[in-house]
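Worksheet: the structure to be examined is printed underneath.
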Amino acid sequence: MKSSRLIKLFALLTVLMLVAAACGGGGSETGDTGDKRTNEDVTVSDELNPGGTLRIAGVSDVDYMDPASQYYTVSFFLSRGVFRTLVTYPGNVTDLAAQNELVPDLAESTGQSNEDFTEWSYTIKDGVTYGLKLGGEEVAGVTGEEIVCDDFVYAFERIFTASVGAGYPFYYDIIEGAKEFQAGDADSISGITCDGDKSITFSLSEPAGDWDFRMAMPAASPVPRAAAEKYDKKEDSDYDRHVVATGPYYIAEWTPGEQITLERNEYWDAETDEARLAYPDTVDWKLGFDNDVGVQKIQDNEYDLGLDVSPQGPALEEWVTTPELNERLLQEPSGCTRYLFLNTTIEPFDNQAVREAVNLAIDRENIKRVFGGPTTGPIATSIVPPGIDGHLPSEEFNPFETENMAGDMETAKQMFQEAIGAETWDEPIKLIGASDPPHDRIFESVRSDLEELGFTNIQGKTPKFPNQYTQFYSVPSSETAVGSSAGWCKDYQSAFTFLDPLFHGDNILESGNQNYAELNDPEMNRLIDEAAASPLGEEQTAAWEAANRYATETGVWIPWSWDNDLIAYSSENITNVYYFGFHSQVDWVNIAINSEQ
Amino acid sequence: MAQSASDFLQGPSQPGGGPEAEGPGVVARTPRQLFWRRFKEDRLALFGGFLVVFMITVALAAPVVESIVGHPYDEQYRDIGTNAFGSPNPPTGSFIFGFDDLGRDILVRTMYGARVSLTIAIVATGVELVIGVFLGILAGFMRGWVDTIVSRFIDLILSIPFLLLGIALSVTDFLGGGEKLIIFIIAFFGWPYIARIVRGQTLSLREAQFVEAAYSVGAPTRWIMFREILPNLLAPILIYGTLIIPQNIVGEAALSFLGVGIQQPTAAWGQMLAAATPYVALGKAWWFMLYPGLALFITVLGFNLLGDGLRDALDPKTGR
Amino acid sequence: MFQYIVRRLIWAVIMTLLVISTVFVIFFVLPGGSGRNIEGAGKCSSPIAIMMAGRNPRPALVCNIVKRLGLDKPVYVQYGRYVGNLLQGDMGYSYHSSEPVRDAIFRRLPATASLAIGASFIWLVFGVAIGIVSALRRRSFMDRASMFFALVGVSLPTFFLGLVLVFLFDGRLNIYNVASYQPITSDPVAWLKSMWLPWIVLAYVSMAVYARMVRGNLLEVMGEDYIRTARAKGLREKSVTRHALRSALTPVVTMYGLDLGILLGGAVITESIFNIPGIGSLAVDAISNQDLPTILGTTLFAGVFVIIANLVVDIAYASLDPRVRYS
Amino acid sequence: MAQEVLLEVKDLHVHFPTADGLVKAVDGLNFKVLRGETFGIVGESGSGKSVTNLTALGLIKRETAQISGEILFKGQDLLKLNSEELRKVRGKELAMIFQDPFACLHPFYRVGDQLVEAILCHEKMPKKQAAERATDLLASVGIPHPKERFRDYPHQYSGGMRQRAMIAMALVHNPDLLIADEPTTALDVTVQAQIIELIEKVKTEFNIGVILITHDLGVIADVAQRVLVMYAGRGAEMGTIDEVFKSPLHPYTWGLLESIPRVDSKGTRLVPIEGSPPSLINKPAGCAFHPRCPHRFEKCDKEIPAMQDRGGGHPEACYLSIEDKKRIWAEREARRTKAAS
């Protein structure tokens, strides 16, 4: 075999590949996000024709079906159509601010409270009943029965029962007698009183201006004793597998990690529900997708809506730069902030000057670009994201400003060396990120900035998402010095849900801790308590702004993104698709299926 | 291709005695000369050798090119490296191979990738050969229960799916993780192949007269094993050594491709291919996938050609 | 014959136990194994339990899970319990989706099987055909071209070939869609449209190996005395070739049996590139989620396939080659 | 004895072009074989004795080898036949058996089936009848319990048994000429005698010609009527057993005779031939044996000595005068017997 011929043949093969490849377009330079689709471009209507199947593509499964245990956006998304609450968010409302004006759901009206917000009472509508349980069977004595006050009493008792493992009891432990019941000193919660079957009153140990919002959370949905008690008695309650629906849909079938199917719940009466139109007959929710595959399926209109599947990396570039796709990409601020955190209990990050130096050194513009560029939302300059009172826009407040936030390494180095009194920091520090793209690239960007700043002994680890939270960030004993893949989303529109769990000294727990920076600053704690207690309106907003300012200046966080939610959907198959702030997703219960699908 | 007389006969070469006289006058040649004569003629093997040498120079020259071009392998050129969406930019100016998804120079990283692949492959192959040859001779020579144990152990390892257990192992920090763990994984799943071959050869060599002669002279088994049998195994060891190296290179690249091999910021071909994958399905960033892939292909092709050439030159029984 | 099979089956059981032990060692013995508690992080802090406790693992919940899964028990107890359940066909429940591992594996078997059987069929047919043609027409252009084709094949790592082809067919020419896998039961046409490229990628490397092997075997056999006798008898060239093929292709049977057995355990890389929900990708996810039962299940499944393949291949070889009786 | 001439080889040349040069395996050969005669061909390995017969049988690839001259078989020149016509002759009128019985039978097929295949190769008959024929053949070559042995595989036969099966296979269509290429070399002595005896029995019974190729002069002496001594692809000497063994005329033949132990000449010293066989690519000029011939003189390395009767009674290819030949052979015999006593 003449080798010269071989080399020619071989060269031809490579050239062929290059030619075929080179003729494609390179990446676009501008990345302009001029004409993006937001809620303003959506015109909603409530006379669309019902029927059809809504096909959702998702990655992760719900953490629990039991409304009390749920504490994950994907689970809240499902509960919107399956569990009703006394009050809820309005349906078919596109203005984000207007979406915060709660509407009555199971209750006749929104909560009636005394002036110091320590007592709230509701009356339950007539004609609101229980539907089928998970799997489609009827529950004797429950299915078809009216919802009564005792169901709410039991629902809140469950929240404080160990076997249920509630998701966010700290929102409800201000009900009088709740702590005693939880400790087992009382066999009922004194603060919840029923007046007949239909009216219920909550008396609180401290004022809560945002109590209605807490009543709109799934954990506050009614749970009939007859349906749940025998499961809650077990050491580890599995009511999770037998939940009874009250909303327009019940859970017909659930294969964990693979598939959830919701069918229409005939016991749900549309007249009693002004928030949910429930156009589709069934919802076919496929889980376990690889993110890029899910996006591709939506692009090909094989699926209608991407839940926690959204275009990223090169796919995002394609969606934004292709007009037909850009029209099908809903972009709205999500009320989430992504940040790096510095653990104040680990040297040298206990030193304020070091933290400030790191804030100046980190190239947030590159992290944002690696995360997907401006489409994914503006670069964050403080803790509280837009859309939540207490938010401070960048132009107004930016303590660590650098030229287009790309970091100022010279000044940072100078500050750092002054602070630690040495050229470099040679002690080992643990940098924990995550392996799934784009987190792996964020990790590398942060690592190279820290190395340039002067850290010579960085021990990096990138576990699979979300293990960085459960095994490192929320476990203080893991001694995570710097976390590069942390993020937090509001539970509801108040800054309380941001600053209290993440910055309050009292909330540092031995495990399951959310205050990753383990900041325990008396001034910070005072500002948070004061804002929480201040009445709704101007005064409360100013208090949250002060707390936000102070928290940012401590430098324990390096916020780098106020996320936009990017909701990809098939405009060919579905309409009436608008962004829904509470879920940072779309309000699927009001989506209509196009007839010719 | 080396011609042999049997090419012409439709049957075996001339019965009764060796092939017809070799060349001008029947001149006795040492095996090495014979080997070199055949090897020299085999242009494909030479081309393989050239590719391997080229790759080794690439690996050695990595720091030199890094300084000439002026782009450190882990330097992120954030302003020109990636576009507004974080996608890698195509080749321009002194970045002749273009950028990766963090704006680093792919030319320099591909060259450093050669270092990782070659060191891991050669070290892992070395370890495999040592274990494989030792256990192979032991099993082949001692036979009896020793042979059964070693053979059953070989069957066990061959029945475990390499990649699965490799990934499971690499998530632990056994041996402190990193390169040492990767080499252990590759060697642990690789030595049975060489052990089986060596065992087979030792079984047949054991019957050879010169072994019996050494026995009759009263040589201790250890002596026979390592002074008599081992030298005769040099040919198969050399052949299969060269053929295992490419398999180990692909093995390391596979582990990196699945995200458990060499971790960033060290450059490794499999890791670069994995990072390029999201762009491939959309027809973007061809350079990010092409160059590390080609480098990997060239290295593996080189060793394969070399291995084939060695095998044909060392034991020409198998006609080309 | 029966005694031989019994001995092989006993050996298969021992091998399965050894495979289980290897995985247990990785999980519970080696440092950093996720079955063990994180150093210095208190009693119930094994990463598996923390992970299963969901988004905010409270200590009570984590300890509860540790007790439920029996992670606090010594390793040999857990080993005993796992093997005990296995004997009744119960492979335990996945830590990640708490679904029976057996069901998860069988649900993904069709994808792996269609990939494995399709690809192996291609490489067997084309590999053997190319091998035969290039052996019979030695030194012809066909021989040199196919041997170059084979050399490139042996040296092309699957994932690079996969990426190049996906780039060309999906990225640029858009005649293939990497996210289009459909099970054969639901839509055979879409199934075929999603499988042809992974088949080619998976088959190409092995096709090259088979072509080289068949060519080598055939050339060697053509030089054997009994082929010359066949010619001397006056047999037509066609039947002489048939004689040669009979002995040249026998080793191919054993190799095919083994390769198919290994492949049925899941083609990790091809499945991940082409997003085929097979056993391979299930295993990879299980490992990154530290899902011990699923890892054990998939590894065992792969191991059992290889053992079965070994047994079938040995029996097949004995029936094909009269010299090899059941020693 | 005006027997029919079965095979006549006229000026046969068979050359193989190789990377190292042109291998002249057969370089001008002439001989005849008569029916009912065992014609012996003797020579060291690499003397071209097998190539000649393989060429006759058409087992040499004609595309790559350069063949010239004629091979007349029953008057028909085999070299002119195309491969199909030649195939019809092969195995039917002209049969061959080979040296290594262990490798001559297909390991995967039963011996009986291989015989049946040989039968059906040239004759159409129902399988059952062919099977009976094959079984009878096995019996005729002396294989015990032919019915059971019909179903056995080759590895279940001993070396001698297998050679007998080969002979049976060659005789399937009662060929006119049987070529036996080193039939006994791979067998031990006792079995050798049986095979030789079987070949003789077959020859007389079927009245066929036999070519016996071997490097074992002892076998030739027992069985053959006429013998051709070959050296470096050419004939050195040809004649009846008595002529060649009693009064050899070629120095190479002398050397051969002196290098084999003789039962009758007890105590004689063996005298090996110095040097080693010549390269077939650059053959020594003139008589190829001259570099190793102790009696060479200036004429020997000029032209190739023709094969002709120079008065010694049978053709040979050596320029020594007939007197010198007789004298030198007598002296060598004397020296050999004296040294031994």
Between region A:160-205 and region B:258-320, what's the alpha-carbon centroid distance in Å? 64
re region A:333-565: pairs of Cα atoms spaced beyond 21 Å account for a percent value of 53
Would you mind estimating how fast region C:107-326 diffuses translationally, via Stokes-Einstein at 4 °C and 1.567 mPa s with the Kirkwood radius over Cα pairs, in µm²/s? 68
In deg cm²/dmol, rounded to 500, what helix-only [θ] at 222 nm does chain C give when every DSSP H run of at least 4 residues adds -39500 (n - 2.57) and the total is split over its residues? -23000 deg cm²/dmol
For region D:61-70, in residue order, the Karplus 3J(HN,Hα) values (coefficients 6.51, -1.76, 1.60; θ = phi - 60°; whole Hz; Gly and Pro = x) are 5, 5, 5, 9, 9, 9, 10, 9, x, 10
From the mean inverse distance of alpha carbon pairs (Kirkwood) and the Cα radius of gyration, derive Rg over Rh for region B:260-320. 1.22
Ratio of region D:104-172's C-alpha Rg to 2.2 N^0.38 Å, to two decimals? 0.97
Calculated from backbone phi, Karplus (6.51, -1.76, 1.60) coupling profile of region A:271-284 in Hz, x at Gly/Pro: 4, 7, 10, 8, 9, 10, 8, 6, 5, x, 7, 10, 10, 10
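Quick check: convex hull over the Cα atoms of region A:52-177, volume per residue in Å³, rounded to an integer?
174
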Pop out the ³J(HN,Hα) list for region B:61-66 in order, Karplus 6.51 cos²θ - 1.76 cosθ + 1.60 with θ = phi - 60°, rounded to Hz; leave Gly and Pro as x. 7, 3, x, 5, 4, 4
As a test of reading the structure, rank A:Ser113, A:Ser561 by solvent-accessible area (1.4 Å probe, protein chains only), most first. A:Ser113, A:Ser561
Rounded to 0.05, the calculated FRET efficiency for the beta carbons of D:Phe245 and D:Lys88 at R₀ = 30 Å is 0.20
Long-range amide H partners of D:Thr18, meaning residues 5 or more apart or on another chain whose placed amide H is closer than 5 Å, are D:Val23
How much space per residue, in cubic angstrom, does the convex hull of the C-alpha atoms of chain D take up? 148
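How long are the semi-axes of the equivalent ellipsoid of the protein assembly as shown, defined as square roots of 5 times the Cα gyration tensor eigenvalues? Whole Å, largest first.
Over the Cα atoms of the protein assembly as shown, the semi-axes work out to 86, 34, 28 Å.
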Considering only protein heavy atoms and a probe of 1.4 Å, how much of the accessible area of chain A is carbon and sulfur, as a whole percent? 51
Leaving out ligands and nucleic acids, note down the accessible area per residue over region D:20-130 with a 1.4 angstrom probe, in whole Å². 35
Sites matching trypsin sites (Lys or Arg not before Pro) across region D:75-148 that sit in DSSP coil, with at most 16 neighbouring C-beta atoms within 10 Å: D:Lys124
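What ranking of A:Thr143, A:Thr193 comes out by heavy-atom accessible area, probe 1.4 Å, highest first?
Ranked list, largest accessible area first: A:Thr193, A:Thr143.
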Comparing B:Tyr240, B:Tyr73, B:Tyr279, which has the greatest mean-square fluctuation in the GNM of chain B with Cα pairs linked when under 10 Å apart? B:Tyr279
Mind listing the long-range amide H neighbours of A:Trp560? Cut-off is under 5 Å, sequence gap 5 or more, other chains count too, H placed in the peptide plane at 1.01 Å from N. A:Arg338, A:Tyr339, A:Leu340, A:Ala380
With at most 14 neighbouring Cβ atoms within 10 Å, loop GluC sites (Glu not before Pro) (DSSP) excluded, longest segment of chain D: D:124-273
Solution diffusion estimate, µm²/s, Stokes-Einstein, region C:152-225, Kirkwood Rh from C-alpha pairs, 37 °C, viscosity 0.692 mPa s: 229
Within chain A, helix-based [θ] at 222 nm, where runs of 4 or more DSSP H residues each add -39,500 (n - 2.57), nearest 500: -8000 deg cm²/dmol
When the C-alpha atoms of region D:248-340 are aligned to their principal axes, what extent does each axis show, in angstrom, from largest down? 39, 30, 20
Sum of -39500 (n - 2.57) over DSSP H runs of 4+, divided by residues of chain D (222 nm, nearest 500): -10000 deg cm²/dmol
How much accessible surface does C:Val154 have with a 1.4 Å probe, in Å² rounded to 10? 40
What does DSSP give for the protein assembly as shown in terms of the percent of beta bridges that are antiparallel, rounded to the nearest 5? 70
Euclidean distance of C-alpha centroids, region B:98-129 and region C:263-327, integer Å: 30
Testing the spin-label approximation: label points 7 Å from Cα along Cα→Cβ at C:Tyr317 and C:Val29. State their distance in nm. 3.1
B:Met289: accessible area at probe 1.4 Å, nearest 10 Å²? 10
Could you tell me which trypsin sites (Lys or Arg not before Pro) in region A:240-308 are loop residues by DSSP with no more than 12 other beta carbons within 10 angstrom of their beta carbon? none
Percent of alpha carbon pairs in chain A separated by more than 31 Å? 53
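Quick one: which of C:Lys238/D:Lys80; D:Lys61/D:Lys203; D:Lys127/D:Lys147; D:Lys246/D:Lys325; D:Lys24/D:Lys49 span more than 20 angstrom between C-alpha atoms?
Check vs 20 Å cut-off fails for C:Lys238/D:Lys80; D:Lys61/D:Lys203.
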Residue-level accessible surface for C:Lys67, protein heavy atoms, 1.4 Å, Å²: 110
Per GNM of chain C with C-alpha springs under 10 angstrom, the most fluctuating residue out of C:Arg81, C:Arg102, C:Arg231 is C:Arg231
Total charge of the residues flanking A:Thr143 in space, meaning their Cβ is under 9 Å from its Cβ, with Lys and Arg +1 and Asp and Glu -1, is -2
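Throw me the Rg/Rh for chain B, computed over C-alpha atoms with Kirkwood Rh, two decimals.
1.07
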Accessible heavy-atom area order of C:Trp11, B:Trp145, highest first, probe of 1.4 Å: B:Trp145, C:Trp11
In region A:397-464, which GluC sites (Glu not before Pro) are in a loop and have at most 15 other Cβ atoms within 10 Å, using DSSP for the loop call? A:Glu401, A:Glu423
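The values are calculated or read from the model by the stated rules, or taken from the named source; none is laboratory data. Note that this is a predicted model, so its numbers are computed, not measured. With ideal geometry, Cβ positions are generated from the backbone for all residues, glycine too; neighbour counts draw on all protein chains shown. For accessibility, only protein heavy atoms count, side chains too; no ligands or nucleic acids. Shrake-Rupley method; radii C 1.70, N 1.55, O 1.52, S 1.80 Å.
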